[in-house]
Amino acid sequence: MKGRSRRTPLRFSTQTLLLQLGVVALVVLLTSAVHVWLTYERLGREAENQALTLARTVASDPDVRAEVQRISAQPGTPPAAELLAGPLMAAAEGARTRTGALFVVITDETGLRLAHPDAERLGERVSTDPSEALAGKEVTTRNTGTLGPSAGAKVPVFAPDPGTVVGEVSVGYSTESIGQSLARDVVPIALTAAGALLVGVLASFLLRRRLQRLTLGLEPEEISTLVHDQVAVLQGVADGVIGVAADGRISVFNAAARRLLGQPDLTGTPWADAPVPPRLLALTRADAAEGDAVELVAGGRVLVASARKALHGREDLGWVVMLRDRTELQQLTRQLDAVGTMSTALRAQRHEFANQLHTIAGFMSIGQHQQARDYLARLAATGPLKFPVDQAELLQDPYLQAFLGAKGVEADERGVTLRLGPETLVRGQVTEPQEVTTVLGNLIDNAVNAAVAGSAPDRWVEVEVLDGPGSPTAGGTLHIVVGDSGDGLPGAGAGGEDAVFAEGFTTSERPARAGAGQGLGLALARQLARRRGGDVRVLDPGSPGGPGAVFMATLPGTTVPNETKPNERDNGV
C-alpha cells in the first residue's frame, strides 16, 4: 500500500497574500453591489418623482377634470369606441408620447379606465388598487401591471367646483428604461471597481514583499522558536550582549550587560545617547576596526569589549557588542605577580642562607669554634634576613605586611627603595584585602614605574597607610598616600589632574600590549574607591626632577579593630 504524500503547507506570506486578495475582492464586490443597488434605487425614485409630476400635471388639467366629472356623473361607462375618440384619451396619449412614459391612465371614481394606451383595456377596471388615490391621496408605486413592471404614481382627480374626487390619474415608467440607465452608470462603476481591485492586488503583493523582508523570510513558528532560543541564550550566558539595530537603537541588552555596566534595561534607547563608556561607543563607529578588543572600566569592573557587524546575507542588521568580565582575572594576575615576587625573594634568601651556612662551615673547618658561636649569636639576635620594608611593624595587619614586603622586594630589584612614611599606623585588620590591594598595588606600581623613569639619582617610593575610625556597622576607613621620586605627571597642571584617571592614560613610552590592562589601573582604583564612598585623587602633580606625584586614596569600610588585647600585643604574646 502506497503511503500518502504529505502536502506541503503554504508559507505564511502566501497565506497572508491570499487572505488579503480575498478580502480586497470581497470588499470591492460588496462595494460595487451596494453602489449598483443605490444607483438602481436612485433611478427608481427619480422615475417615481417624474411620474408623480406628470400625473399631477394631467390631473390638474381643467379639461381633464371637467371631462372626468362629466363621465362620472353619467350612469354607466361610455363605450370603448367613444372613449378612444374622446378628449381624455387624446390628453393621456399626448402626455405619454411627450414624456416617454410607459402609460398614462385616467379612471373614474370607481376605477374604470377612461384612457389607456391599449384600446382594448378601455372601460375595464384597473389591475392595481386605486383606493388610496380615490381617497384623495397621492402615492408612488412599483408594481407589475398589464403593460409590465413599472415605477409610477397615482394622483386623484378633483371636480372643478365642489372639490370631490371624481377619478384618478396613474402614470408609470418602465423599469426596463431604469435598467438601461443603470447599465450606462454601471460602466464607470465597474471600471472603478476594477481599478480598486488592481490597486488592492498590487498593495497586497507589496505588503507580502515587505513582510518577507521584515521577517527575513522566516515563518511565524520559526520566529517564535528563535525568540525563545534568543531569550534562553542571552539570559543564560555570563557575557554581556548588546545588540544595536541598523537604525541605531539598542535592540538587545541582556541581564549580564546590565550587571556588568551597572545600568537598567536600555532596550529601545538610541545607542549614541546610551549612558555607557565612550570607548564602548567608539567600537561601533564607521571607522572602527571590526573585532578589535578593548579594555575599559565600568561599574568598578575591568571589561573586555568587542563589536562585530551582524549581517543576514547582504542585509546590514547592525552591531553585536560583547562584554567579558576580566576583574577576577586581573585580581588573580596581581596575586600571581605577588607570589612570583615572593618566590624571587625566597630564592635570594636561599642564597643568603647558603652563604651564611658556608661561613659557619668555614669557621668550623678551621677550628674557629668561638667565632662560629659569635656569628650564630648575631644571627639569632638580628634574624637570618632583613625585612624588605623598614618599620613594617607599624602595620599590624599581616596581609598588608606581606603585600608591602613583596612590593618592597620587587621595587628593590628595579633599584627603587620602598619605604613607609612617618605617619603610617594601622592598628586594625583589613576586611576587604582584594579591593585594598587592588588600589594600593596600582598606586605603588605606578609610583615605582615613575621612579624608574625619573631623572632623580635617588629612586624611592614612600607609602603612608593610616586606618581611621568608622561606624560599628560600616567599619573603619583606610587612608593611603603614595609618593615617588619621579618627574611628576606631564601636563597635569591647571586642574588637569583628572586626566590621569581616564581609561587608557599612561605615561609609559612602551606601546600598550593587547589585553595587558595598561592605562586602566588608576581608573579602576578610583571606581573601586568611589563605589565604597571613598575616592582616589592627586594631592600633588609633582615637578620635573622630583619629587614626583603624590596620590591619596580613601577606602571606607575596609578595616575592623584588632581583637588582640594591647597588653598581649606589647608582651609579644
Quiz item: Among the residues of region 99-133, how many are hydrophobic (A, V, I, L, M, F, W, C) and either outside the structural domain of Pro78 (by TED's automatic domain parsing) or within 17 Å of Glu67 (Cβ to Cβ) (or both)?
Solution: 7
Quiz item: Applying the selection to region 427-477, what residues are at pLDDT below 85 and among the charged types (D, E, K, R)?
Solution: Glu432, Glu435
Quiz prompt | Subset of region 141-167 [in contact (Cβ under 8 Å) with a residue 12 or more places away in the chain and farther than 30 Å from Tyr40 by Cβ] | solution = Val157, Phe158, Ala159, Pro160, Val165, Val166, Gly167
Quiz item: In region 415-445, what residues are under 16 Å from Glu462 (Cβ atoms) and either in a loop (DSSP other than H, G, I, E, B) or outside the structural domain of Leu522 (by TED's automatic domain parsing) (or both)?
Solution: Gly415, Val416, Gly421, Pro422, Glu423, Thr424
Quiz item: In the list Gln331, Gln335, Gln371, which residue meets the criterion of being among the polar types (S, T, N, Q), assigned to a helix (DSSP H, G or I) and at pLDDT 75 or above?
Solution: Gln371
Quiz item: For region 119-133, how many residues are touching a strand residue (DSSP E or B) at 6+ places or on another chain (Cβ under 9 Å), closer than 15 Å to Phe103 by Cα and of a type in the set (A, V, I, L, M, F, W, C)?
Solution: 2
Exercise. Answer with yes or no whether Arg285 is modelled with pLDDT of 80 or more and part of a helix (DSSP H, G or I).
Key: no
Practice problem: Give Leu425, Leu400 a once-over and let me know the one that is under 18 Å from His479 (Cα atoms) and surrounded by 21 or more Cβ atoms within 10 Å (Cβ to Cβ). | Solution: Leu400
Quiz item: For residues in region 66-81 being surrounded by 11 or more Cβ atoms within 10 Å (Cβ to Cβ) and polar (S, T, N, Q), which is nearest to Glu124 (Cα to Cα)?
Solution: Thr77
Self-check item: Subset of region 271-280 that is at pLDDT below 85 and not in a loop (DSSP other than H, G, I, E, B) - its residue that is surrounded by the fewest Cβ atoms within 10 Å (Cβ to Cβ)
Solution: Pro278
Quiz prompt | The lone exception for Val27 - which of (1) within 24 Å of Gly111 (Cβ to Cβ); (2) modelled with pLDDT of 80 or more it fails | solution = (1)
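The values are calculated or read from the model by the stated rules, or taken from the named source; none is laboratory data. All values reported here derive from a predicted model rather than from experimental measurement. Cβ sites come from the backbone with ideal geometry, for glycine too, and all protein chains shown count toward neighbours.
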